[in-house]
1. Helix-only mean residue ellipticity at 222 nm, the protein assembly as shown, DSSP H runs n ≥ 4 weighted -39,500 (n - 2.57), per residue, nearest 500. What is it?
2. On a full-extension model of 0.36 nm per residue, what is the gain between A:Arg309 and A:Ala5, subtracting their alpha-carbon distance, rounded to one decimal in nm?
3. What full-extension length gain, to one decimal in nm, is calculated for A:Gln210 and A:Ile92 as 0.36 nm per residue of separation minus the Cα-Cα distance?
4. I'd like the mean, over residues of B:236-246, of how many other protein chain beta carbons sit within 10 Å of each residue's own Cβ.
5. How large is Rg over Rh for segment B:156-268, taking Rg from the Cα atoms and Rh as the Kirkwood inverse mean of 1/r across Cα pairs?
6. Arranged by the count of other C-beta atoms within 10 angstrom, fewest first, what order do B:Tyr27, A:Tyr175, A:Tyr145 take?
7. Check which residues have an amide H placed less than 5 Å from B:Thr80's amide H, if you skip close sequence neighbours.
8. Helix A:278-306 sits at what angle to the longest principal axis of chain A, using alpha carbons and giving 0 to 90 degrees rounded to 10?
Amino acid sequence: MLVFAFRRLLQAIPILLGVTLVVFGLVHIVPGNPIDMLMPPEASPEIIAQMKAAFGFDKPLYVQYFLWLFRALQGDFGLSVFNATPVWGQLIAALGNTFILAILAAMVGFSLGIGFGMISALYHGRWPDKLFSALATTGVSLPHYWCAIVLVLAFAVMNDFLPAQGMGDDAEPLYNRLQYLVLPVVTLSLIPMGVIGRLVRATVLEILGQDFVGALSAKGLTRWPVIRHICKNAAPPVLALMGLQFGYLLGGSILVETVYNWPGSGNLLNLAIFRRDIPILQATILVLATFFVLLNLLVDIAQAAIDPRIRR
Amino acid sequence: MSDATMDIAGPTLPKIDQQKLAPSPGYWKSVGQRLLRDPVTIAVTCIILTILFITIGAPLVTSADPFQGSVLMRLKPIGTPGHGLGTDETGRDLWTRLCYGGRLSLLAGVLPVTFALAIGGSLGVLAGYAGGLVGTLIMRVMDVFYAFPSILLAIAICGMLGNGLTNSILALSIVFIPPLVRVSETVTTQARQLDFVEAARASGTTTFQVIRHHVLANVLGPILVYATSLISVSIILSAGLSFLGLGVTPPTPEWGLMLNSLRQAIYVQPYVAALPGLMIFITSMSFNLMSDGFRSAMDVRLNK
């Protein structure tokens with residue numbers, strides 16, 4: 001088991017290196033120096049050269065890459081080109097806000113998805129199956145940015161139940177601040193609910209068709225112990241998908257964060273794109289992708305811990 | 001197949017008259033029969049055809065100009081005479097905008113999947129069939145792209161390339177290549193190990209012939225089904241890029257962009273503002289259900 005975990009960890013290193021190359025290369029797929037795009041056209045060449053030197057954009061590309069990588073490994077992502085404050089501080093604050101949303105949405109979405117999927121599979125072909133399958137397909141097909149708008153319409157515009165935007169400020173009591181979470185969390189949890197629900201249904205149906213389930217019932221086990229066995233067998237693929245989905249929640253909340261004006265990493269990324277703030281852009285994408293790789297690594301190890309067949 | 005088994009067991013079994021057996025329908029014929037028995041798939045296919053008709057044939061179903069606004073007719077509610085679905089923030093007829101807008105939304109949703117299917121599918125079949133160094137190389141590069149959540153990668157590429165329809169199609173194509181490579185590689189590796197493929201290779205069939213007749217025939221179905229399931233995601237994502245201001249630029253009608261520009265109007269005309277999103281939802285839901293229908297119709301194991 002330890003050997004498997006160690007080998008998996010080693011495999012993640014080249015992927016992470018590749019990720020840094022892609023993130024760095026992404027910025028350079030468009031010709032032109034980031035500073036040239038920011039400076040007004042009437043700026044003198046000396047000032048432009050001075051700015052390039054200050055932000056390190058005057059060196060050859062490969063030198064820029066290694067300098068950037070070396071600093072990034074130490075947690076130093078440089079200064080924002082837009083307002084010259086350290087990138088790291090802005091990123092940490094934004095990531096924290098996104099994490100709150102992602103974790104809550106994952107908890108809601110995963111538990112509903114697993115519940116709906118199990119019920120669908122156990123009542124295969126009957127009305128609970130039809131109802132929950134329709135719900136799961138709806139969750140998968142919803143454009144969540146539209147869903148966010150509709151929820152704002154229903155709960156903030158037509159009725160005054162919940163706040164429409166932002167996350168409140170520290171001065172407000174906890175209960176009020178929790179209200180700001182409700183709509184974004186509900187919106188974000190719909191996709192994981194649908195995706196996980198569909199996979200749980202398909203996996204459990206497949207397991208129900210296997211001989212060992214019949215054997216367990218024939219042996220005299222009652223309903224719940226049989227379901228426990230089914231759960232253990234269904235866990236690895238579901239776990240893998242939950243890892244992916246959590247990564248999507250962290251990295252893909254940009255649209256929902258924009259609608260709700262939630263000060264998270266998605267909002268930061270959106271601003272960075274429109275301000276062409278390269279250091280922030282690179283740092284946000286790199287950190288989110290690294291999280292995603294590490295998350296998948298953890299999921300792989302967890303899968304192997306549950307199912308010995310995966311440890312090879 | 002049945003002939004061979006009967007020959008082996010011949011002496012012990014009673015002779016079966018071949019004429020009395022019902023002819024077994026071919027695979028695709030039986031898939032078609034199962035599709036015709038599935039009301040949901042038929043219904044959503046009709047919905048998709050209707051959407052295709054009103055978008056491609058937009059001039060037939062509406063006579064208004066999608067770019068012609070009117071200061072007096074801004075943000076009228078649903079049911080206004082002459083503007084059945086109301087008007088948008090510059091007084092343009094929403095029904096007309098929705099019809100014309102679907103063209104780009106559908107195009108920006110279907111094209112990336114088509115490109116990714118061509119590139120990713122070929123790479124995946126190559127990686128699966130060749131295996132070895134080539135296969136490993138392709139798959140490791142894909143692993144790197146897999147490390148990015150899809151929306152994040154699309155937004156990052158689009159954000160760097162600048163806005164525009166071409167860039168958003170390009171960005172989404174890149175995003176969908178890795179999953180298609182993975183799926184095609186998996187099914188090709190499985191197909192390569194099948195006995196009749198081994199037999200064809202052993203009997204000296206050229207690599208091209210083996211891939212064309214034996215491998216592709218067995219992997220194309222699952223790869224296509226997977227690709228159709230991506231269309232729904234692609235439509236949502238491409239409209240999402242436009243919604244962020246990264247895709248189509250105004251005043252071009254496109255559902256994602258319309259949703260964004262009407263967002264400010266939810267306090268004035270909530271139902272009108274929600275309509276473009278409703279179109280995205282109906283379209284993506286229909287593609288999803290159609291893909292599900294094809295998947296279960298093509299899965300022999302589910303339909304014994």
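1. Values: 25 runs with 440 residues, N = 616.
Value at 222 nm, helices only: -24000 deg cm²/dmol.
2. Numbers: separation 304, 0.36 × 304 = 109.44 nm, distance 1.43 nm.
The span from A:Arg309 to A:Ala5 would gain 108.0 nm if fully extended.
3. Numbers: separation 118, 0.36 × 118 = 42.48 nm, distance 4.76 nm.
Full-extension gain reported as 37.7 nm.
4. Working: counts 9, 3, 0, 4, 8, 1, 0, 7, 8, 4, 3.
Per residue, the number of nearby Cβ atoms from other chains is 4 on average.
5. Numbers: Rg = 20.9 Å, Rh = 16.9 Å.
Expressed as Rg/Rh, it is 1.24.
6. Working: B:Tyr27 12, A:Tyr175 7, A:Tyr145 26.
Fewest to most other Cβ atoms nearby, the residues stand as A:Tyr175, B:Tyr27, A:Tyr145.
7. Amide H neighbours of B:Thr80, under 5 Å, 5+ apart: B:Gly86.
8. 20 degrees
Just so you know, all these numbers are worked out from the coordinates, no wet-lab data involved. These numbers come from a predicted model, not from an experiment. No Cβ is skipped: glycine too gets one built from the backbone with ideal geometry, and neighbour counts run over all protein chains shown.
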